[in-house]
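> For reference, the structure I am asking about is given below.
The values are calculated or read from the model by the stated rules, or taken from the named source; none is laboratory data. In this text, all values refer to a predicted model and were calculated from it rather than measured experimentally. Virtual Cβ from ideal backbone geometry, glycine too; neighbours counted across all protein chains shown. Quick note on the areas: whole protein, heavy atoms, side chains included, nothing else; ligands and nucleic acids left out. Shrake-Rupley method; radii C 1.70, N 1.55, O 1.52, S 1.80 Å.
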Amino acid sequence: MIIAANWKAYVESVAKAKALFASAKRAAVKPGIEIILAPPAPLLGLLVADNKSKVAFAAQDISDTTGGAATGETTAALLSGMGVTYTILGHSERRAMGETDAVVASKVGHALAQGLTPIVCIGERERDPEAHYLQGLRTQIGAVYEPLSPKERMRVVIAYEPIWAIGKDASEAITPHDLQEMVLYIRKVLGDYLPGRASEATKILYGGSVEPGNARELAGGSDINGFLIGHATADVATFTALIKAVS
Ligand code: PGA
């Protein structure tokens, strides 16, 4: 079970980052648990620099540039060279700031070229009775997979994060039944880009109000490979309870 902790901008001190990292290290030695931390950029640099643990690190985003005169940008090459192995891409909070499917696809290309594993976020804003939202998900997936080679496609991790379920509490998250339906749908769409076995092997995470109270039920009731979790990973006690719930 993958637990990817998206700290967003919740963690704003070195002391808190170190305390969370310490509990992540303890969690990462549990059998069957794989921890990926995605801290804000300066904290990412700090923690990954002397990481000797089993914890893996993700950037919350990468630049769409490949270096040079680009003030404020952080490239895939720099992150990869520092020991970062994943990057979240296309998070709905970035898409809300204007990031298009084309930009997400371009960043996926930069990530893969530098050996970073992209965790590509897809998800509908809301659900309509005619289920047009499913077509929107298909478009998000297609934009990313279309330009990639078969080998590259196999390296992409999908995080299904319905926007209506993000940043709420467990009572407003998706149900295990509905999540399983989405996993089956996403795998079906992936089948258009990857041969049968390979689409089955693609890792699919769920994100959106995963908390200690619903993590076990969601994991047990669906075929997801793990979670991308925001607010519940930004507090040591809650994060520890979360790990306990899925262990
Ligand atoms: P949340 O965020 O767990 O706070 O809902 C998840 C995410 O946006 O990745």
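> Taking only Cα atoms and a 10 Å spring cutoff, compute GNM fluctuations for the chain and point out the largest among N214, N51, N225.
Sorting by GNM fluctuation, first place goes to N51.
> May I ask you to list the trypsin sites (Lys or Arg not before Pro) in the stretch 119-158 that are in a DSSP loop and have at most 13 other Cβ atoms within 10 Å of their Cβ?
Values: sites: R125, R127, R138, K151, R153, R155; in loops: R125, R127, R155.
Here the sparse-neighbourhood loop sites are R125, R127.
> Right, something else. Net charge around G90, counting only other residues with Cβ within less than 12 Å of its Cβ (Lys, Arg = +1; Asp, Glu = -1)? Walk me through the intermediate numbers first.
Details: positive: R94, R95, K107; negative: D61, D64, E93, E99, D101, E161.
After counting each charged neighbour, the total is -3.
> Most mobile of V48, V108, V14 per a Gaussian network model of the chain (Cα springs, under 10 Å)?
Result for the chain, Cα springs under 10 Å: V14 fluctuates most.
> How much FRET efficiency would the formula 1/(1 + (r/R0)^6) give for D235 and D128, where r is the Cβ-Cβ distance and R0 is 41 Å, rounded to 0.05? Write out the running numbers ahead of the final one.
Numbers: r = 35 Å, r/R0 = 0.85.
Calculated value: 0.75.
> Once Rh for the stretch 51-97 is found with the Kirkwood sum over Cα pairs, what is the Stokes-Einstein diffusion coefficient at 4 °C and 1.567 mPa s, in µm²/s? Before the final figure, lay out the partial values.
Values: Rh = 11.8 Å.
Diffusion coefficient, whole number: 110 µm²/s.
> Let me ask something else. Give, to the nearest whole percent, the P(r) tail of the chain beyond 26 angstrom, counting all Cα pairs.
Numbers: 10592 of 30381 pairs.
Summing the P(r) tail past 26 Å for the chain gives 35 percent.
> Under 5 Å between amide hydrogens, which residues at least 5 positions from G221 or on another chain qualify, with H placed 1.01 Å from N in the peptide plane?
Amide H neighbours of G221: none.
> Considering only the other residues whose Cβ falls under 12 Å of the Cβ of G196, what net charge follows from Lys and Arg at +1 and Asp and Glu at -1? Could you put the intermediate results ahead of the total?
Values: positive: R187, K188, R197; negative: D192, E200.
Local net charge: +1.
> Roughly to the nearest percent, how much of the accessible area of the stretch 2-246 is carbon and sulfur, given a 1.4 Å probe? Each step should come with its number before you reach the end.
Working: 5970 of 10900 Å².
Heavy-atom surface of the stretch 2-246 belonging to carbon and sulfur, 1.4 Å probe: 55 percent.
> At 1.4 Å probe size, with every protein chain present, just tell me what the per residue accessible area of the chain comes to in Å². Please list the in-between numbers first.
On the way: 11030 Å² over 247 residues.
That works out to 45 Å² for each residue.
> Only loop residues by DSSP count here, and only those with at most 15 other Cβ atoms within 10 Å; note down the GluC sites (Glu not before Pro) in the stretch 107-169 that meet that.
Sites meeting the loop and neighbour criteria: E126, E130.
> Enter the Cα centre distance for the pair the stretch 70-102 and the stretch 178-247, rounded to the nearest angstrom.
That distance is 22 Å.
> Nearest 0.05, what FRET efficiency do K203 and L46 give at R0 = 45 Å with Cβ-Cβ as r? Could you put the intermediate results ahead of the total?
Values: r = 27 Å, r/R0 = 0.61.
After rounding, the FRET efficiency stands at 0.95.
> Add +1 for every Lys or Arg and -1 for every Asp or Glu among the other residues with Cβ under 12 Å from the Cβ of S209, and state the total.
On the way: positive: K168; negative: E161, D169, E172, E211.
So the surrounding residues net to -3.
> Relative contact order, percent, of the stretch 2-246 when contacts are C-alpha pairs under 8 Å separated by at least 6 residues? Kindly include the intermediate steps, with their values, before the conclusion.
On the way: 434 pairs, mean separation 47.5, N = 245.
Once divided by the residue count of the stretch 2-246, the mean separation gives 19 percent.
> Continuing with this model, one more query. Once both labels are modelled 7 Å past Cα along the beta-carbon direction, what's the L78-E146 spacing in nm?
Using points 7 Å along Cα→Cβ, the separation is 3.1 nm.
> A further question on this structure: Among the trypsin sites (Lys or Arg not before Pro) in the stretch 47-106, which ones are in a DSSP loop with at most 15 other Cβ atoms within 10 Å of the Cβ? Mind listing them?
The qualifying sites are K52, K54.
> Over 20 Å, how big is the tail of the calculated P(r) for the stretch 139-247, in percent of all Cα pairs?
Working: 2443 of 5886 pairs.
In whole percent, the long-distance tail amounts to 42.
> Sticking with this one: With springs connecting C-alpha atoms under 10 Å apart, model the chain as a Gaussian network and identify which of P212, P40, P147 has the largest mean-square fluctuation.
Looking only at P212, P40, P147, the largest GNM fluctuation is found for P147.
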